Amino acid sequence: MTQLKIILDTNFLMLLHQYGIDIFSEIGRLVPEDYELLIPRKVSNELDSIGKKSRGVDGISARVALQLIQKKNILTIEDDRRVDDSIVDFVNTNVNCIVCTNDKNLKRKIKNKAQLIYMRGKDHLVRI
C-alpha cells in the first residue's frame with residue numbers, strides 16, 4: 001500500500017495563527033498512519049502574495065504558514081493550475097490521500113473521493 005498523502009490548502013495552513021490551532025499536532029492526533037504532507041505549488045504563491053499585501057492577521061498568518069512549510073519540510077506538488085484544480089486532480093489520481101481544507105467549495109468537489117480534515121468549533125480539527 002502506498003504511503004498516505006495529506007494535502008494542505010492555503011486557508012488550512014493559516015489556521016495556526018488565525019485560531020491558535022496547532023494543525024500539525026492535530027493531524028498527528030487524527031492520523032495514526034504514516035503520512036507525508038504536500039502542498040500544490042500555488043499554495044506557496046498564494047501565501048506569499050497574502051503575506052506581502054496584507055498587514056493584518058491574514059498577512060501574519062500567511063507569513064507564519066510560509067515559515068512552517070519550510071520548517072516541516074512539506075513537499076510540493078508541481079502544478080501550475082489553480083490550487084483547487086490541482087488538489088482535485090491529485091485526489092482523482094491518488095487513492096490514499098486526505099485533504100486538509102476549510103474551503104466549502106473544495107470540500108464539495110472532493111466529497112466521496114477522499115477523506116477530509118477541517119476545522120470544527122474554531123478550536124480543533126476533525127477527520128471524516
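The values are calculated or read from the model by the stated rules, or taken from the named source; none is laboratory data. Given the structure is predicted, the values throughout are model-derived calculations rather than measurements. In this analysis, Cβ positions are derived from the backbone assuming ideal geometry, glycine residues included, and neighbour counts consider all displayed protein chains.
Observations on the model:
- Consider segment 39-77 and keep the residues that are of a type in the set (Val, Ile, Thr), within 16 Å of the chain's Cα centre (by Cα) and part of a helix (DSSP H, G or I). The one that is farthest from Phe24 (Cα to Cα) is Ile50.
- Close Cβ contacts (under 9 Å, 6 or more residues apart or on different chains) running from residues in segment 17-29 that are of a type in the set (Lys, Arg) to residues that are crowded, with 18+ Cβ neighbours inside 10 Å comprise Arg29/Leu125.
- The set of residues from segment 78-128 being assigned to a loop (DSSP other than H, G, I, E, B) and within 13 Å of the chain's Cα centre (by Cα) comprises Thr101, Asn102, Asp103.
- Candidate set: segment 8-49, residues that are surrounded by fewer than 22 Cβ atoms within 10 Å (Cβ to Cβ) and aromatic (Phe, Trp, Tyr); chosen: the one farthest from Met119 (Cα to Cα): Tyr35
- Test for Ser54: is it of a type outside the set (Lys, Arg), free of Cβ contacts under 8 Å to residues at least 12 places away in the same chain and farther than 18 Å from Ile128 by Cα: yes
- One residue alone among Ile87, Ile98 is touching a strand residue (DSSP E or B) at 6+ places or on another chain (Cβ under 8 Å) and modelled with pLDDT of 95 or more, and that residue is Ile98.
- Any chance Lys72 is among the basic types (Lys, Arg), within 15 Å of Met14 (Cα to Cα) and in contact with a Leu (Cβ under 9 Å, 6 or more places away or on another chain): yes
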